[in-house]
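In what follows, a structure is listed as structure tokens, so that the remarks can point back to it.
The values are calculated or read from the model by the stated rules, or taken from the named source; none is laboratory data. Please read all numbers here as calculations on a predicted model, not as lab measurements. No Cβ is skipped: glycine too gets one built from the backbone with ideal geometry, and neighbour counts run over all protein chains shown. Surface accessibility is based on the protein's heavy atoms, side chains included, excluding ligands, DNA and RNA. Shrake-Rupley method; radii C 1.70, N 1.55, O 1.52, S 1.80 Å.
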Amino acid sequence: MTTPTPYDVIILGAGAAGLMCAATAGQRGRRVLLLDHADEPGKKILISGGGRCNFTNIDTAPDRYLSANPHFAKSALGRYTAADFIALVEAHGIAWHEKTLGQLFCDGSARQIVNLLLDECDKGQVTIGLGREIRDVGYADNQFRLTVGNREERSAALVIATGGPSIPKMGATSFAYDLGRRFGLKIVEPRPALVPLTLGGDETLFRSLSGVAANVVARAGKAAFREAALFTHRGLSGPAILQVSSYWRHGEPVAIDFLPDRAPGWLIEAKRARPRASLTAALATALPARLAETLADRLALPGELGAATDKRLDEAARKLADWHFHPNGTEGFAKAEVTAGGISTESLSSRTLEARQVPGLYAIGEAVDVTGWLGGYNFQWAWASGWAAGQVV
């Protein structure tokens, strides 16, 4: 086996968090080795935002994140903000724009963000090893010893930045959790997040609406989001559904307000104005025709609004404002944008991301039980947690 070269820190995972951590540590003068089993860095960055990378959100705040400890993300997010990353983007001459809801995208390509991070790593003289399989990780005499191919690598600090198992076709695995368990770190049960929901039973008829979208308010538990919902051949998707999927639990309903701009009693007013109109026609003034027809069929009102009692119309309006779907599952890690759960925040320092019981071991990014909303929040957590660990490794 080849004689090891000692490093100050070895970072596992050349994604958003790992690259940020490597650049930060390297520019502090640390000797950094960044390893990834993939053949190129930042693969998930490259496919994000439709290839334009939704690299942060100007509305970033701790309450936009899910975690068993909702306060954990405050320290890192407060010390490395969206404004800090925007300044870095602008320093590299990358043009950007705000799309909606504080979401920032590159005008050009997501590759600009990967190149930015690689340039920053170059400034820190980071050694990057791609296509490198980690065969074993050990710890003795205050040093981590990694068997990487036919080499042994050593370092005083080790950073787990290998993410979660979402999008396995990109090479994602549960490596972070396996390694965390080996060192005694607690793991919060991982589950798909920001993921489409599937429908079964008598709700399968809604699959016939595949491709139809509407602006709605979707609710799961105490969370509510007003964005587009999209019907698919398997169930429900679109931004509103992806958002609530992170809060949804098996057996619980997802409630949809199909007409969030309509005041209570609007159907009764519609009856007064157009008594001979059908419910389908009334709904089609605000919803896609196919969706209007399907909802009207399910509500089974008489043919004309004028033939229905005010009580029936009021019941229909309330149903449309609180329509319960009962998903039978999700489309799983294969279609999940991120993973909820992961290495427990109980095991880590919120300031440094260092493991409390294992000095020199760190976990950052999606590997940790911190999951952001859709819209650039997870990238901001990657930048902030990577920067926080990079300051101290």
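Quick grid of which residues meet (1) of a type in the set (S, T, Y); (2) open to solvent by less than 70 Å² (accessible area, probe 1.4 Å); (3) more than 18 Å from the chain's Cα centre (by Cα):
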| position | (1), (2), (3) |
| --- | --- |
| A76 | no, yes, no |
| A83 | no, yes, yes |
| E90 | no, no, yes |
| G131 | no, yes, yes |
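Within the range 185-214, can you find the residues that are over 20 Å from S67 (Cβ atoms) and touching a helix residue (DSSP H, G or I) at 6+ places or on another chain (Cβ under 8 Å)?
Those that are over 20 Å from S67 (Cβ atoms) and touching a helix residue (DSSP H, G or I) at 6+ places or on another chain (Cβ under 8 Å): P196, L197, L199, L205, F206, S208, L209, V212, A214.
Name, by its number, the condition in (1) at positive phi; (2) buried (at least 21 other Cβ atoms within 10 Å of the Cβ); (3) part of a loop (DSSP other than H, G, I, E, B) that does not hold for G332.
(2)
Does E98 qualify as being open to solvent by 30 Å² or more (accessible area, probe 1.4 Å), modelled with pLDDT of 95 or more and within 25 Å of S245 (Cα to Cα)?
In short, yes.
Examine the range 261-281 for a residue that is of a type in the set (V, I, T) and open to solvent by less than 20 Å² (accessible area, probe 1.4 Å), and state whether such a residue exists.
No.
Quick check on the range 143-156. Is at least one of its residues touching a helix residue (DSSP H, G or I) at 6+ places or on another chain (Cβ under 7 Å) and either touching a residue at least 24 places away in the same chain (Cβ under 8 Å) or at negative phi (or both)?
No; the residues of the range 143-156 include none that is touching a helix residue (DSSP H, G or I) at 6+ places or on another chain (Cβ under 7 Å) and either touching a residue at least 24 places away in the same chain (Cβ under 8 Å) or at negative phi (or both).
Looking only at the range 236-245, filter to residues that are buried (at least 24 other Cβ atoms within 10 Å of the Cβ) and small (G, A, S); which one of those is nearest to V216 (Cα to Cα)?
A240
So, E293, is that one closer than 27 Å to L199 by Cα and outside any strand (DSSP E or B) or not?
yes
In the range 101-118, which residue that is surrounded by 13 or more Cβ atoms within 10 Å (Cβ to Cβ) and not hydrophobic (A, V, I, L, M, F, W, C) is nearest to L34 (Cα to Cα)?
N115
Looking at the structure I just gave you, is A229 assigned to a strand (DSSP E or B) and among the aliphatic types (A, V, I, L, M)?
Answer is yes for this residue.
Conditions tested, residue by residue: (1) at pLDDT below 95; (2) not in a helix (DSSP H, G or I).
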site: F105; (1), (2): no, yes
site: Q112; (1), (2): no, no
site: Q125; (1), (2): no, yes
site: R132; (1), (2): yes, yes
site: A156; (1), (2): no, yes
site: G164; (1), (2): no, yes
site: Y177; (1), (2): no, no
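If you go through the range 17-27 one residue at a time, do you hit one that is at pLDDT 95 or above, over 22 Å from the mean Cα position of the chain (by Cα) and part of a strand (DSSP E or B)?
Checking the range 17-27: not a single residue is at pLDDT 95 or above, over 22 Å from the mean Cα position of the chain (by Cα) and part of a strand (DSSP E or B).
Read through the list (1) assigned to a loop (DSSP other than H, G, I, E, B); (2) open to solvent by 60 Å² or more (accessible area, probe 1.4 Å), then give the number of the only condition that F72 fails.
Condition not satisfied by F72: (2).
Please indicate, with yes or no, whether at least one residue in the range 57-68 is open to solvent by less than 20 Å² (accessible area, probe 1.4 Å), in a loop (DSSP other than H, G, I, E, B) and modelled with pLDDT of 95 or more.
Within the range 57-68 (the criterion being open to solvent by less than 20 Å² (accessible area, probe 1.4 Å), in a loop (DSSP other than H, G, I, E, B) and modelled with pLDDT of 95 or more), the answer is no, since none of the residues qualifies.
Out of all the residues in the range 347-389, which are small (G, A, S), over 18 Å from Q143 (Cα atoms) and in a helix (DSSP H, G or I)?
Residues satisfying the conditions are S347, G365, A367, A382, A384, S385, G386, A388.
Name, by its number, the condition in (1) open to solvent by 50 Å² or more (accessible area, probe 1.4 Å); (2) in a strand (DSSP E or B) that does not hold for G138.
Condition not satisfied by G138: (1).
Here is a check on your reading of the model: is V216 of a type in the set (V, I, T), part of a strand (DSSP E or B) and crowded, with 21+ Cβ neighbours inside 10 Å?
When the stated conditions are applied, V216 passes them.
Evaluate the range 306-324: report whether one residue or more is of a type in the set (V, I, T) and buried (at least 16 other Cβ atoms within 10 Å of the Cβ).
no
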